[in-house]
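Participant: Pasting a structure below so you can have a look.
Where a number appears in this text, it was derived from the coordinates with a stated rule and is not lab data. Bear in mind the structure is a predicted one, so any value in this text is a computation, not a measurement. Here the Cβ positions follow ideal geometry from the backbone for every residue, glycine too, while neighbour counts run over all protein chains shown.
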Amino acid sequence: MQMNKIISQKIAAGERISTEEGLWLYRSASLAQLMEWAQTVRRRINGNKVFFNKNVHIEPTNICSNRCLFCSYRRAQNEEGSWALSLDEIAAIAQKYKHSDITEVHIVGGVHPHWGFEVYKNMVAEVHKILPQVHIKAFTAEELWKMHESSNLPLADVLQQLKALGLQSIPGGGAEVLQDAVRAKICPEKINSAAWLQVHQTAHNLGLSSNATMLYGHVESYEDRMVHLGLLRDLQDHTRGFNAFIPLKYRKLHNDLSAVGEVSTAEDCRNMAVCRLFLDNIPHLKAYWPMFGKSLVDNMLHYGADDLDGTIDAGTQIYSMAGAEDTKPTMTVQELQAICRRNRFELTERDSLYKTVKKE
Ligand code: SF4
């Protein structure tokens, strides 16, 4: 039987597609066919809903001991454009939202060479003290691993202590491509694939859910992407701890990989659809609008994405420093509604764990 017939039957029956079939989707499926299949799967899992949350990002520092080649955000200590927020400055940001209706604070940053575990614990405790009703999603696997190494504490103890102070989930950053040969080329100082997976597995085992990302469109091959997706799907089969998968497009400005350029919007659509079709056990796919840009995010909703992240409120500079269109990324609820209305989806406010936020 022809591959497209086999895949079509599997999708109609809700059966899992194989790695070989995933590769065929990347290489040979038409965009029209991918869109149709991705919509079938997204409607089966999420109906007509497009989720968002009211959130704010806090980036405590962009000073980082690593030098990932794709990173436009990282600065050395004392370099122009570097920052490291004090606990008081972080508290002041949290205070600004004390009487707002945000449901999540998202905290990630560089791996500061001189910050120990206490700094991160104080951060979580302070934000939780000021915003006790707000979900704290914090720290990439990279930051958590450095806390584990610098404190000499087992990873589970690091996560358990942060959880006791108010941490409720962890974001999906730092995964890049979970293929060590690719990591050696683009982020040689980062933890390896096994360590990234270990952080997430440990978090899931402690009742902390998480997300997973994939940075695509640089030196990786389709085979590398399939390895990455396969590792995530396997872990999810065991833990069920991933809430959302977030494909992140490599952006080329102001970093050491610029020469490889950026992939096309058609490739973004193809990738989103293949991820939706292959990751049958991860319920949500996020179109992270600060990275795609507000003008392109509509496309992603038709290729399987069901989540637009959140309002963010100018709290992240990670993609604006790499050439994304919004230099101070903020999305109002009205703008999110307009996106959904023109694409005939139903906007639904969620909390960090995808429970619908009830309106008063
Ligand atoms: S991607 Fe993260 S870990 Fe890598 S250099 Fe940038 S801030 Fe540091």
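Participant: Ignoring solvent entirely, what values of log10 I(q)/I(0) come out of the Debye formula for the chain at 0.08, 0.13 Å⁻¹ when each Cα is a single scatterer?
Facilitator: Debye curve over Cα of the chain, log10 I(q)/I(0) at q = 0.08, 0.13 Å⁻¹: -0.36, -1.03.
Participant: Additional query: By count of other Cβ within 10 Å, fewest leading, how are LYS358, LYS249, LYS190 ordered?
Facilitator: On the way: LYS358 6, LYS249 25, LYS190 22.
Least to most surrounded, the residues fall as LYS358, LYS190, LYS249.
Participant: When the chain is fully extended, how far beyond the present Cα-Cα distance does VAL333 get from ALA91, taking 0.36 nm per residue of separation? Can you show the working numbers first?
Facilitator: Details: separation 242, 0.36 × 242 = 87.12 nm, distance 2.54 nm.
Full extension from VAL333 to ALA91 adds 84.6 nm.
Participant: Assigning unit charges at the beta carbon (Lys, Arg +1; Asp, Glu -1) and nothing else, what dipole magnitude in debye, to the nearest 20, does the chain show about its Cα centre?
Facilitator: On the way: 40 positive and 42 negative charges, 183 e Å.
That gives a dipole near 880 debye.
Participant: Evaluate E = 1/(1 + (r/R0)^6) for LEU153 and SER8, where r is the Cβ-Cβ distance and R0 equals 51 Å; express this FRET efficiency to the nearest 0.05. The partial results should precede the final answer.
Facilitator: Values: r = 50 Å, r/R0 = 0.99.
Efficiency for this residue pair is about 0.50.
Participant: In the chain, what % of DSSP beta bridges are antiparallel (nearest 5)?
Facilitator: Values: 2 of 31 bridges.
Expressed as a percentage, antiparallel bridges in the chain total about 5.
Participant: If you fit an axis through the alpha-carbon atoms of helix 155-165 and take the longest principal axis of the Cα set of the chain, what angle between them do you get, 0 to 90°, nearest 10?
Facilitator: 70
Participant: Please compute the contact order of the chain in relative form: average sequence separation of alpha-carbon pairs under 8 Å and at least six residues apart, divided by the residue count, as a percent.
Facilitator: Numbers: 657 pairs, mean separation 82.7, N = 360.
Relative contact order, the chain: 23 percent.
Participant: May I ask you to derive the relative contact order of the stretch 115-174, considering only C-alpha pairs under 8 Å and at least 6 residues apart, and to give it as an integer percent? Can you show the working numbers first?
Facilitator: On the way: 55 pairs, mean separation 29.3, N = 60.
That works out to 49 percent.
Participant: To test your reading of the geometry: what angle, between 0 and 90 degrees and rounded to tens, separates the Cα axis of helix 193-205 from the longest principal axis of the chain?
Facilitator: Tilt relative to the chain: about 80 degrees.
Participant: Turning to a different aspect of this structure: Which links in LYS10/LYS49; LYS10/LYS286; LYS190/LYS294; LYS121/LYS146; LYS54/LYS98 stretch past 19 Å when you go from one Cα to the other?
Facilitator: Numbers: LYS10/LYS49 24 Å; LYS10/LYS286 24 Å; LYS190/LYS294 30 Å; LYS121/LYS146 13 Å; LYS54/LYS98 13 Å.
With Cα atoms farther than 19 Å apart: LYS10/LYS49; LYS10/LYS286; LYS190/LYS294.
Participant: List the residues whose amide H sits under 5 Å from the amide H of GLY173, counting only those 5 or more places along or on another chain, with H placed 1.01 Å from N in the peptide plane.
Facilitator: It is ALA141, by chain and number.
Participant: Now a separate question. Give the shape of the stretch 1-77 as rounded, prolate or oblate, defined through the alpha-carbon gyration tensor: a ≥ b ≥ c are the square roots of its eigenvalues, a/c under 1.5 means rounded, and otherwise the shape is prolate if a/b is larger than b/c and oblate if not.
Facilitator: Working: a/c = 3.88, a/b = 1.91, b/c = 2.04.
Because a/c hits 1.5 or more and a/b fails to exceed b/c, the stretch 1-77 counts as oblate.
Participant: Which are the unpartnered cysteines of the chain, meaning those with no other cysteine Cβ under 4.7 Å from their Cβ?
Facilitator: If one checks each Cβ against the other cysteines of the chain, CYS64, CYS269, CYS275, CYS340 turn up with nothing under 4.7 Å.
Participant: Still on this structure, please answer the following. Can you compute the helix-only [θ] at 222 nm over the chain? Use -39500 (n - 2.57) per DSSP H run of at least 4 residues, normalise by all residues, nearest 500 deg cm²/dmol. Write out the running numbers ahead of the final one.
Facilitator: On the way: 14 runs with 155 residues, N = 360.
So the calculated ellipticity at 222 nm is -13000 deg cm²/dmol.
Participant: Determine the shape class of the stretch 99-231: with a ≥ b ≥ c the square roots of the Cα gyration tensor eigenvalues, call it rounded for a/c under 1.5, and otherwise prolate if a/b is greater than b/c, oblate otherwise. Don't skip to the answer; put the middle values down first.
Facilitator: Details: a/c = 2.05, a/b = 1.65, b/c = 1.24.
Taking the square roots of the gyration eigenvalues as a ≥ b ≥ c, the stretch 99-231 is prolate.
Participant: Which whole-number percentage describes the relative contact order of the stretch 28-109, with Cα contacts under 8 Å and a sequence gap of 6 or more? Walk me through the intermediate numbers first.
Facilitator: Details: 66 pairs, mean separation 32.5, N = 82.
In percent, rounded to a whole number, it is 40.
Participant: Dipole of the stretch 59-124 (Lys/Arg Cβ +1, Asp/Glu Cβ -1, origin at the Cα centre): which of HIS112, VAL124, SER82 lies farthest to the positive side?
Facilitator: So the residue furthest toward the plus end is HIS112.
Participant: Another question, if that's okay. Got a sec to turn the phi values of the stretch 47-63 into Karplus ³J(HN,Hα) couplings, 6.51 cos²θ - 1.76 cosθ + 1.60 with θ = phi - 60°, whole Hz, x for Gly and Pro?
Facilitator: x, 9, 7, 10, 9, 8, 9, 8, 9, 9, 9, 10, 10, x, 7, 10, 7
Participant: Compute the helix-to-body angle for 117-130: its Cα long axis versus the longest principal axis of the chain, expressed 0 to 90° and rounded to tens.
Facilitator: The answer is roughly 80 degrees.
Participant: I'd like the FRET efficiency for LYS185 and LEU296, computed as 1/(1 + (r/R0)^6) with the beta carbon distance as r and R0 of 25 Å, rounded to 0.05. Mind showing how you got there, number by number?
Facilitator: Values: r = 27 Å, r/R0 = 1.08.
Efficiency computed from Cβ-Cβ geometry: 0.40.
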